[in-house]
Amino acid sequence: MAKISGLGGRLYSGETSFNIVGNRKRWYSISALFLLASIAALTIQGLHLGLEFKGGASYTVTKPGITLEQGREAASKFDIPGEAIVQKIGDDKIRIQTGALTPAQATAAENVLTFTFDVPAESIDTQIVGPSWGKEITKKAIYGLIAFLLAVMLFLAMAFEPKMALAAIVAVVHDVLITVGIYAVVGFDVTPATVIGFLTILGYSLYDTVVVFDKVRENTKSVTANSKQTYSQAANLAVNQTLVRSANTSIIALLPVGSILFVGAGLLGAGTLKDLSLALFIGLAVGTYSSVFIAPPFLASLREKEPAMQALAKRVAARGGAPVPTESKPTDSTVARGPRNQPKRKGRK
């Protein structure tokens, strides 16, 4: 911890610095690879929409010692089109999801489960969702996401500046696309819990970005007056000054979410938690990355195109090119001046 604290102090003072803004092309290339992979996954494989979005039927059977193989065998006896999805929930529950069913098909499927597992019909948790209701939920989720982005953009434009708002929204879209793409690759069902997870990671990503941008605004407030640093250099210092804080916050946030994902959903079999925990885990990691490596460099790129910032860069370059006095001994190419270099006077005869 002492080493981390010492590193944070050196980063804050500028004694140690990582050229994050200057290496923006490297970060853009990494993000471009992930974005292309996400778009390819969404195009080829697509998202596995859950029952709430596409409609269908869900049967949850509770019985001690029930196995996944028994659930698949029971689902194979359903006289329904398409393939049923069978999931194990905990130690004593099996959930079977199917497509949209007619009332007769739903009753027949329930009878198969009661006969196969020898349980009363009242103990089977049955959920029937129509396609129209699923479309309505999808529409509301999209409207909520659009309203969220517009509200955030308006707030950031008023609190900071329009270009900061644009950079923050670019980072948010970057986070959502990569998270959704990984979701498509993994093949988890998209449920309302997933949508809640997406909205949560948007808020976290914006929170981290706002903290970095607040420091950028503080460092660049009088950057054109002192002419000591370009806008990119001042922004890079701000990123370094908040780097340790962003890392600590992300690690603390990822630890409990990772426990839910790997321990709860993986080891304990709490399948109902994996949709939310996967979206949170991926989104928190990608959001931290974008708030440091995407949003500040993109903001610097936008600001460096302004005439005032271009003139500042020229002044800084000219100032940096001036000879700097040193304490080294004069060489043949150096014109040295001073009392000790004055020509000696001729002695008296």
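The values are calculated or read from the model by the stated rules, or taken from the named source; none is laboratory data. Note that the coordinates shown come from a computational prediction; the quantities given were computed from them, not determined experimentally. Glycine also receives a Cβ, built like all others from the backbone with ideal geometry; neighbour counts cover every protein chain displayed. Just so you know, the surface numbers come from the protein's heavy atoms only, side chains and all, with ligands and any DNA or RNA stripped out. Shrake-Rupley method; radii C 1.70, N 1.55, O 1.52, S 1.80 Å.
Side notes on the structure shown:
- Restricting attention to the stretch 164-187, the residues being surrounded by fewer than 23 Cβ atoms within 10 Å (Cβ to Cβ) and out of contact with any helix residue (DSSP H, G or I) (no Cβ under 6 Å at 6 or more places or on another chain) number 6.
- Qualifying residue in the stretch 95-117 (condition: surrounded by fewer than 17 Cβ atoms within 10 Å (Cβ to Cβ) and touching a residue at least 60 places away in the same chain (Cβ under 8 Å)): no
- Selection count, the stretch 37-73, where residues are touching a residue at least 24 places away in the same chain (Cβ under 8 Å), open to solvent by 50 Å² or more (accessible area, probe 1.4 Å) and assigned to a helix (DSSP H, G or I): 6
Here's the yes/no breakdown for (1) in a helix (DSSP H, G or I); (2) touching a Pro at 6+ places or on another chain (Cβ under 9 Å); (3) modelled with pLDDT of 90 or more; (4) aliphatic (A, V, I, L, M):
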site	(1), (2), (3), (4)
Lys274	yes, no, no, no
Leu278	yes, no, no, yes
Gly283	yes, no, no, no
Tyr289	yes, no, yes, no
Ala313	yes, no, no, yes
Pro323	no, no, no, no
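- If you go through the stretch 213-236 and keep only what is touching a Leu at 6+ places or on another chain (Cβ under 9 Å) and at pLDDT 85 or above, you end up with Phe213, Lys215, Val216, Asn219, Gln229, Thr230, Tyr231, Ala235.
- Here the stretch 201-260 is the region considered, the condition is being among the basic types (Lys, Arg) and either in a helix (DSSP H, G or I) or crowded, with 20+ Cβ neighbours inside 10 Å (or both), and the residue that is nearest to the chain's Cα centre (by Cα) is Arg245.
- Pairs linking a residue in the stretch 124-139 that is closer than 13 Å to Ala57 by Cβ to a residue that is modelled with pLDDT under 70 and not charged (D, E, K, R), with Cβ atoms under 9 Å and 6 or more positions apart or on different chains, do not occur.
- Restricting the stretch 74-94 to residues that are without any contact (Cβ under 8 Å) to a residue 40 or more places away in the chain and part of a helix (DSSP H, G or I), the residue that is least open to solvent (accessible area, probe 1.4 Å): Ala75
- Odd one out for Thr194, checked against (1) farther than 18 Å from Ile178 by Cα; (2) surrounded by 18 or more Cβ atoms within 10 Å (Cβ to Cβ): (1)
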